[in-house]
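The values are calculated or read from the model by the stated rules, or taken from the named source; none is laboratory data. From a predicted model like this one, the values you see are computed outputs, not experimental measurements. Here the Cβ positions follow ideal geometry from the backbone for every residue, glycine too, while neighbour counts run over all protein chains shown. Heavy atoms of the whole protein, side chains included, go into the accessibility calculation; ligands, DNA and RNA do not. Shrake-Rupley method; radii C 1.70, N 1.55, O 1.52, S 1.80 Å.
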Amino acid sequence: MQTLATSPGRGRTWSDLDDFQTFIDDGGMVEPGDDMPDEYRQEVFRFIEFHANSELMGGLTERDWIPHAPGLRLKQIFLAKTQDEIGHAHLLYMVGADMGVKTRTAMLEDLFAGRSRFHNVFHYQAVTWADQIAIAYLVDAAAFASQRAVFAECTYGPYKRVLKRIVAEEGFHMRHGEEMLLRLATGTDIQRSMFQEALGRWWWPAVQLFGPDSDPNDPLLAWKIKSQPNEALRDAYVQKYVPLLQGYGFRIPDDALHQNLDGQWQTRPIDWAPLKATMRNGGPDSRRRIETARRNWSDTAWVRDALDQSTERAGE
Amino acid sequence: MNAAPASDGLTDGVLLDEVRAAVASVADPEYPGVSIVDLGLVESVDVIDGAAIVGLIPTFSGCPALDMIAADVRTAVGALSNASACDVHWLPGPVWSAERITANGRNILANDYTVVLRRKDGGLQCPVCGSHGVTRQSLAGPTRCREIAWCSACRNPIEVMR
């Protein structure tokens, strides 16, 4: 197995994009010290910024549910998940800022001003505790599958190293999600119907997390940041989770759902227009979520000021 | 209750080796590939009259993985045909510290996870490039047992067990 602890880039250069593509095709890994093509730098940066924003928005959402989690053990799980997501965001913002496209502060300001993007699943409202279970079971699994597919190749060294730890931790979240779902699924009729309702709200956002079909010319595929097109990941997810949810006795909110002659599950065609509007921060809960994040940032300014001052003093 | 397996000092001794191997096969849920033995979580393994008793210590109290680790140990030991029972206990002491991580554990953490331990003199060496130009960025990382640092030589964020 290739170790992730390899020597850093030695300022490698490429004569043109074709030369760079050959390097990628031969299994090369790009490091911060390399003179990477600007197209690669911009696209990989955008992807990492999106991932970082999503971790931060996810962590803030989970934080809001800590007081509502029933029982000490579930509070402990949500505390730990919140810390994980915020820690992941921190690591990703460090990698992103180092690429020299935007500073960390600029990335955060763009996020809070609604100028940048994050995962679709953080644009909807979680109504009951069962929504949190649906998110932990369905959305964490979708995020895990999507991140694992990026980790599988991922030609940008620092991102790949961070992803290794993120994917391991998201796998841990998934196990918590499975455990929490099992409790509701084997619970009372009220608990089961709460989950069924939450499933109606979260099934489609989870399936749509993988995005519309990839453009076959997507440079992120050619540069092996994405190892598989969106539709392949989405389909694998549907094939796995339809039978699992049905096995627990839940109904998938899709009247057209059926198995084709090969036994593959086919969903109804997806209308991507609402997703596109949502991703431009026009989702049902986008405004409130962004405002919550912005307020969190301004409320904690004094902590950053205090840290900056103590760092300056230490440097004197 | 079923008849307990014939138990004397000799069979308990054989079983003890099997139980130790089963416990060592359990990986930490947050570090797939790293055994809980290598992380220093296993304080004691005993076999008494065919029953296994495993004493574990947590990295941090309040770690959210405790129930999962204990369940994984029970599953691994429960799969042994000779073990009549398996009790897993979280012990109140000794207190875990990063020094308990074995050399093998340190190697896997550094090479696969780019996670390092502080040296005895407090210094840090980057697991990616070997540089000493590593500075702390945040006392809290994604988990309670890790802090975030930055290597200015190879420009990678790394994490430090604490």
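Please go through segment A:111-123 and pick out each residue that is of a type outside the set (A, V, I, L, M, F, W, C) and either touching a Lys or Arg at 6+ places or on another chain (Cβ under 7 Å) or open to solvent by less than 40 Å² (accessible area, probe 1.4 Å) (or both).
A:G114, A:S116, A:H119, A:N120, A:H123
Per-residue answers, yes or no, for (1) closer than 21 Å to A:G157 by Cα; (2) open to solvent by 10 Å² or more (accessible area, probe 1.4 Å); (3) among the aromatic types (F, W, Y):
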site: A:M57; (1), (2), (3): no, no, no
site: A:L60; (1), (2), (3): no, yes, no
site: A:W65; (1), (2), (3): no, yes, yes
site: A:L72; (1), (2), (3): no, yes, no
site: A:K75; (1), (2), (3): no, yes, no
site: A:H90; (1), (2), (3): yes, yes, no
site: A:D98; (1), (2), (3): yes, yes, no
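Applying the selection to segment B:131-145, what residues are facing chain A (nearest Cβ under 8 Å) and open to solvent by less than 60 Å² (accessible area, probe 1.4 Å)?
B:S138, B:A140, B:G141, B:P142, B:T143
Scan segment B:37-48 residue by residue and report those that are within 11 Å of the chain's Cα centre (by Cα), open to solvent by less than 40 Å² (accessible area, probe 1.4 Å) and away from every other protein chain (no Cβ under 14 Å).
If the condition is that a residue be within 11 Å of the chain's Cα centre (by Cα), open to solvent by less than 40 Å² (accessible area, probe 1.4 Å) and away from every other protein chain (no Cβ under 14 Å), then B:D38, B:G40, B:L41, B:V42 are the ones that fit.
Scan segment B:101-115 for residues that are within 11 Å of chain A (Cβ to nearest Cβ), within 15 Å of the chain's Cα centre (by Cα) and outside any helix (DSSP H, G or I) and jot them down.
B:V115
Are any of the residues in segment A:147-160 within 19 Å of A:E43 (Cβ to Cβ), of a type outside the set (V, I, T) and in a strand (DSSP E or B)?
yes
Output the residues belonging to segment B:51-83 that are within 23 Å of A:F78 (Cα to Cα) and away from chain A (no Cβ under 14 Å).
B:I57
Do any helices (runs of 4 or more DSSP H) lying entirely in segment A:6-112 carry at least 3 residues that are more than 23 Å from the chain's Cα centre (by Cα) and away from chain B (no Cβ under 11 Å), and which ones are they?
Fully inside segment A:6-112 and qualifying: A:17-25.
Please specify each residue of segment A:166-193 satisfying the condition of being open to solvent by 70 Å² or more (accessible area, probe 1.4 Å), within 13 Å of chain B (Cβ to nearest Cβ) and of a type in the set (D, E).
Matches in segment A:166-193: A:E178 only.
Only one residue in A:A185, A:A168 is touching a strand residue (DSSP E or B) at 6+ places or on another chain (Cβ under 7 Å) and among the hydrophobic types (A, V, I, L, M, F, W, C). Which one?
A:A168
Being buried (at least 22 other Cβ atoms within 10 Å of the Cβ), part of a strand (DSSP E or B) and within 14 Å of chain A (Cβ to nearest Cβ): is that true of B:P157 here?
Yes, satisfied.
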